[in-house]
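Q: The structure's right below; bear with me while I get my questions together.
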Amino acid sequence: MDKKHPPTGSTMVEKILAARAGQEKVKPGELVNVTVDLALGNDVTAPVAIKEFSRFALDQVFDPDKIVLVPDHFTPNKDIASAEQAMVVRRFAEKYSINNYFEIGRMGIEHALLPEQGLVWPGAVIIGADSHTCTYGALGAFATGVGSTDLAAAMATGEAWFKVPPTLQFIFSGTLPEWVSGKDLILHTIGQIGVDGARYKAMEFTGPVIDNLSMDGRLTMCNMAIEAGGKCGYVQPDGITFQYLEGRVTKLYQSVYSDSDVEYEKVFHFDISNLEPQIAFPPSPDNVRPVSEAGNIKIDQVVIGSCTNGRIEDLRIAARVLQNKKVHPRVRLIVFPATQHIYRQAIEEGLISIFVEAEAAISTPTCGPCLGGHMGILARGEKALSTTNRNFVGRMGHPESEVYLCNPAVAAASAVVGRIVHPREVV
Amino acid sequence: MILEGRIWIFGDNIDTDAIIAARYLNTSEPQELAAHLMEDIHPEFPGLVEPGDIIVAGQNFGCGSSREHAPLAIKGAGISCVIARSFARIFYRNAINIGLPILECPDDLSMLQEGRDRLQVDLDEGKITAPGSGLVYRAIPFPPFMQELIGRGGLIEYVKSRLQK
């Protein structure tokens, strides 16, 4: 690097935050107050936010069209207490005329739903009282998870404060091998840098592999930035982004790009031409090894779905593996299309038939099993292989149960064999 | 403000699922949440913890989910302060926002022993003292904006004061 002329450029995130803070430029570490385009809550986090919001004694929110409420965690309600939480959210939406309230039957898991509904665009600032809000960086937005009190404050003011994050750049080169997907790229990344490797930082995903990666794959990658501790993950807008946005986003937006002379905190180069499907062993998403080194792990349950891997591309690849096969008699396979729209698409494409013929259980969209809420809780000593995002102690049920994370092809193939395998053992 | 209490030691990367498992998120009452604090990694903890106790943890405390129920459960159990080598960012925000005292202390606290040591914490000075051994540790000071948030008792009160202007 030229010491006399240090880079003066800004990253995509720095530019978005500077614009919203009304400044020409911001630097990592600086605290800024910014306006938000969307503030999101779900049936677990919004009730706490609504309680805090009531302390302002306001008869309106800052902008009813910029608040999104999605009851997706414990819905369809799993018990009386969660039904009452969902009712709190529903009544708040009615009282404050929140149009972007998505009831079951019309909804989806929030982070699959918002991009699909055209509520995310390049350059947007989005906060959500859910850690996986970072998903929307796949569309060139600045999006990050916050808590319920932050959501309450944003519902009142339309603003949030942030420390400008330093940025890590991840350059993926080579050719994506068969059966390897965005999930494997992000698991590999987390395995390399650890669960706090990007703590407080922005993660910029780039390089020829990302240039050719589908939007569903990019959403999966950005979704799991939080699993490395990241404040946000993002891919800069390109042709794939604009194609995805066509017909979804009608408002005018301005795409923002990192300058070429940016001082990244660190740059990582990953050549992935020989990357195998990755498995994160319990109890941490950074406990990653290639599937060939998984050993003989017998599984009791397989989950395909979630905000990480419940999109149409995920279901297509799972169906490709499961076509004319049966789930192993000892294994329970549960498939969760991430939104109602994806569910219908999967019916129209014949994917649901393939799953039913394979003897999988199909569920309406819900976060349920991913966080050990409902719809697939594990007993003591059971092992699950899952396309979800976390494998902490007790994440999917009993504290002595285990969760292994993988991509949808590995999940489908392993459901057939009854132990963790590479998809080519089945197809 | 000066706090003093018994300590409970936890390791690195204590996630919010460990602090409060999702199966308890159908309530947000701090007392109900406190009854299950750290249950999955330390089953006896909810019965042992007493008001005024201090949690001492390693790196990346509170990683994972954004659930504000995690600091609410800690506060509900009467924990007076959480000291960690570092905090996950959403947990850090949440703790400041709801007025749970936290201190980021990069010093090596591995000399401390659960069941033996107590700590005295000066929240304003960021000074942590072990009265038994006399060892003194320093926490990283909060930036002025966050000091104001803490001083006003959390984000809601801070925003209220701004809305009134």
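The values are calculated or read from the model by the stated rules, or taken from the named source; none is laboratory data. These numbers were taken from a predicted model, which means no experiment stands behind them. Backbone-built Cβ (ideal geometry, glycine too); neighbour counts: all protein chains shown. Quick note on the areas: whole protein, heavy atoms, side chains included, nothing else; ligands and nucleic acids left out. Shrake-Rupley method; radii C 1.70, N 1.55, O 1.52, S 1.80 Å.
Q: Looking at the stretch B:116-151, which of its residues are of a type in the set (Gly, Ala, Ser) and touching a residue at least 24 places away in the same chain (Cβ under 8 Å)?
A: B:ALA139 - this is the single residue of the stretch B:116-151 that is of a type in the set (Gly, Ala, Ser) and touching a residue at least 24 places away in the same chain (Cβ under 8 Å).
Q: Return the residues of the stretch A:345-361 that are surrounded by fewer than 19 Cβ atoms within 10 Å (Cβ to Cβ) and either more than 25 Å from the chain's Cα centre (by Cα) or within 19 Å of A:GLU116 (Cβ to Cβ) (or both); say none if nothing qualifies. Write out each step before concluding.
A: Our first condition is that a residue be surrounded by fewer than 19 Cβ atoms within 10 Å (Cβ to Cβ); within the stretch A:345-361, this holds for A:345, A:347-350, A:353, A:356-357, A:359, A:361.
Within the stretch A:345-361, A:GLN345, A:ILE347, A:GLU348, A:GLU349, A:GLY350, A:SER353, A:VAL356, A:GLU357, A:GLU359 meet the criteria.
Q: Here is a further query. Cβ contacts < 9 Å: first residue more than 8 Å from chain B (Cβ to nearest Cβ) and over 17 Å from A:VAL70 (Cα atoms), restricted to the stretch A:45-56; second residue assigned to a helix (DSSP H, G or I) and of a type in the set (Val, Ile, Thr), any location; separation 6+ or different chain. Result?
A: As it stands, the answer is A:PHE53/B:ILE156, since those pairs meet every condition given.
Q: Restricting the stretch A:89-102 to residues that are open to solvent by 40 Å² or more (accessible area, probe 1.4 Å) and part of a loop (DSSP other than H, G, I, E, B), which is nearest to A:ILE342 (Cα to Cα)?
A: Step by step, filter the stretch A:89-102, then rank; the result is A:ASN99.
Q: Right, something else. Would you be able to say whether some residue in the stretch A:307-323 is over 17 Å from A:THR220 (Cα atoms) and either open to solvent by 40 Å² or more (accessible area, probe 1.4 Å) or not assigned by TED's automatic domain parsing to the domain that holds A:VAL417 (or both)?
A: The initial filter retains those residues of the stretch A:307-323 that are over 17 Å from A:THR220 (Cα atoms), namely A:319-323.
Checking which are either open to solvent by 40 Å² or more (accessible area, probe 1.4 Å) or not assigned by TED's automatic domain parsing to the domain that holds A:VAL417 (or both) leaves us with A:320, A:323.
Yes, because at least one residue in the stretch A:307-323 is over 17 Å from A:THR220 (Cα atoms) and either open to solvent by 40 Å² or more (accessible area, probe 1.4 Å) or not assigned by TED's automatic domain parsing to the domain that holds A:VAL417 (or both).
Q: Additional query: Pairs please, first residue from the stretch A:14-36 and of a type in the set (S, T, N, Q), second anywhere and assigned to a helix (DSSP H, G or I), Cβ atoms under 7 Å, 6+ apart in sequence or on different chains.
A: A:ASN33/A:ALA21; A:THR35/A:ARG20
Q: Among what's in the stretch B:24-54 and is open to solvent by 70 Å² or more (accessible area, probe 1.4 Å) and among the charged types (D, E, K, R), pick the residue that is nearest to A:HIS398 (Cα to Cα).
A: The qualifying residue nearest to A:HIS398 (Cα to Cα) is B:GLU44.
Q: I've got another one for you. With the condition being surrounded by fewer than 18 Cβ atoms within 10 Å (Cβ to Cβ), I'd like the helices (runs of 4 or more DSSP H) fully within the stretch A:196-281 carrying at least 3 qualifying residues.
A: A:239-245
Q: Anything in the stretch B:5-18 that is open to solvent by less than 50 Å² (accessible area, probe 1.4 Å), within 13 Å of chain A (Cβ to nearest Cβ) and in contact with an Asp or Glu (Cβ under 9 Å, 6 or more places away or on another chain)? List them, or say none.
A: Correct list: B:ASP17, B:ALA18.
Q: Here's something else I'd like to know. Being assigned to a strand (DSSP E or B), of a type in the set (A, V, I, L, M), within 14 Å of chain A (Cβ to nearest Cβ) and more than 22 Å from B:ASP40 (Cα to Cα) is the filter here; which residues of the stretch B:73-126 pass it?
A: Once the filter is applied, which keeps residues that are assigned to a strand (DSSP E or B), of a type in the set (A, V, I, L, M), within 14 Å of chain A (Cβ to nearest Cβ) and more than 22 Å from B:ASP40 (Cα to Cα), the stretch B:73-126 yields only B:ILE102.
Q: What tally of residues in the stretch B:13-35 results from selecting those that are hydrophobic (A, V, I, L, M, F, W, C) and more than 18 Å from the chain's Cα centre (by Cα)?
A: Summing the residues that are hydrophobic (A, V, I, L, M, F, W, C) and more than 18 Å from the chain's Cα centre (by Cα) in the stretch B:13-35 gives 2.
Q: Examine the stretch B:105-127 for a residue that is of a type in the set (Gly, Ala, Ser) and either in contact with a Leu (Cβ under 7 Å, 6 or more places away or on another chain) or crowded, with 24+ Cβ neighbours inside 10 Å (or both), and state whether such a residue exists.
A: yes
Q: What single numbered condition from (1) open to solvent by 10 Å² or more (accessible area, probe 1.4 Å); (2) modelled with pLDDT under 95; (3) not in a loop (DSSP other than H, G, I, E, B) fails to hold for B:MET146?
A: Of the numbered conditions (1) open to solvent by 10 Å² or more (accessible area, probe 1.4 Å); (2) modelled with pLDDT under 95; (3) not in a loop (DSSP other than H, G, I, E, B), the odd one out for B:MET146 is (1).
Q: Kindly list the number of the only condition in (1) surrounded by fewer than 22 Cβ atoms within 10 Å (Cβ to Cβ); (2) farther than 23 Å from B:VAL121 by Cα; (3) within 13 Å of chain A (Cβ to nearest Cβ) that fails for B:GLN59.
A: Going through the list (1) surrounded by fewer than 22 Cβ atoms within 10 Å (Cβ to Cβ); (2) farther than 23 Å from B:VAL121 by Cα; (3) within 13 Å of chain A (Cβ to nearest Cβ), B:GLN59 breaks only (2).
Q: A further question follows. Would you confirm whether or not the stretch A:309-329 contains a residue that is touching a residue at least 40 places away in the same chain (Cβ under 8 Å), touching an Asp or Glu at 6+ places or on another chain (Cβ under 9 Å) and closer than 25 Å to A:GLN169 by Cβ?
A: For the stretch A:309-329, residues touching a residue at least 40 places away in the same chain (Cβ under 8 Å), touching an Asp or Glu at 6+ places or on another chain (Cβ under 9 Å) and closer than 25 Å to A:GLN169 by Cβ: present.
Q: Hey, among the residues in the stretch A:113-159 that are open to solvent by less than 10 Å² (accessible area, probe 1.4 Å) and part of a strand (DSSP E or B), which one's farthest from the other protein chains (Cβ to nearest Cβ)?
A: In this case the residue turns out to be A:VAL125.
Q: Here's another thing I want to ask about it. I'd like to know if the stretch A:70-86 contains one or more residues that are among the β-branched types (Val, Ile, Thr), without any contact (Cβ under 8 Å) to a residue 12 or more places away in the chain and either farther than 30 Å from A:LYS201 by Cβ or facing chain B (nearest Cβ under 10 Å) (or both). First the steps, then the outcome.
A: Of the residues in the stretch A:70-86, the ones among the β-branched types (Val, Ile, Thr) are A:70, A:75, A:80.
If we keep only those that are without any contact (Cβ under 8 Å) to a residue 12 or more places away in the chain as well, we get A:80.
Now restrict to residues that are either farther than 30 Å from A:LYS201 by Cβ or facing chain B (nearest Cβ under 10 Å) (or both): A:80.
Looking through the stretch A:70-86, at least one residue is among the β-branched types (Val, Ile, Thr), without any contact (Cβ under 8 Å) to a residue 12 or more places away in the chain and either farther than 30 Å from A:LYS201 by Cβ or facing chain B (nearest Cβ under 10 Å) (or both).
Q: A further question on this structure: Being among the β-branched types (Val, Ile, Thr), closer than 18 Å to B:SER28 by Cα and touching a helix residue (DSSP H, G or I) at 6+ places or on another chain (Cβ under 6 Å) narrows it down to one of A:ILE50, A:ILE98, so name that one.
A: On inspection, the qualifying residue turns out to be A:ILE50.
Q: On to the next question. Inside the stretch A:2-14, can you point out the residues that are open to solvent by 70 Å² or more (accessible area, probe 1.4 Å) and modelled with pLDDT of 95 or more?
A: Passing the criteria: none in range.
Q: Now, a different point. Any idea which residue in the stretch A:80-127 is farthest from the chain's Cα centre (by Cα), counting only those that are among the aromatic types (Phe, Trp, Tyr) and over 12 Å from A:LEU40 (Cα atoms)? Break it down stepwise before answering.
A: Restricting attention to the stretch A:80-127, the residues satisfying the condition of being among the aromatic types (Phe, Trp, Tyr) are A:92, A:96, A:101-102, A:121.
Applying the additional criterion that residues be over 12 Å from A:LEU40 (Cα atoms) yields A:92, A:96, A:121.
Details: A:PHE92: 26, A:TYR96: 28, A:TRP121: 16 Å.
Selected residue: A:TYR96.
Q: Condition first: open to solvent by 20 Å² or more (accessible area, probe 1.4 Å) and of a type in the set (S, T, N, Q). Now tell me which residues in the stretch A:35-55 satisfy that.
A: Listed by number, the residues that qualify are A:THR35, A:SER54.
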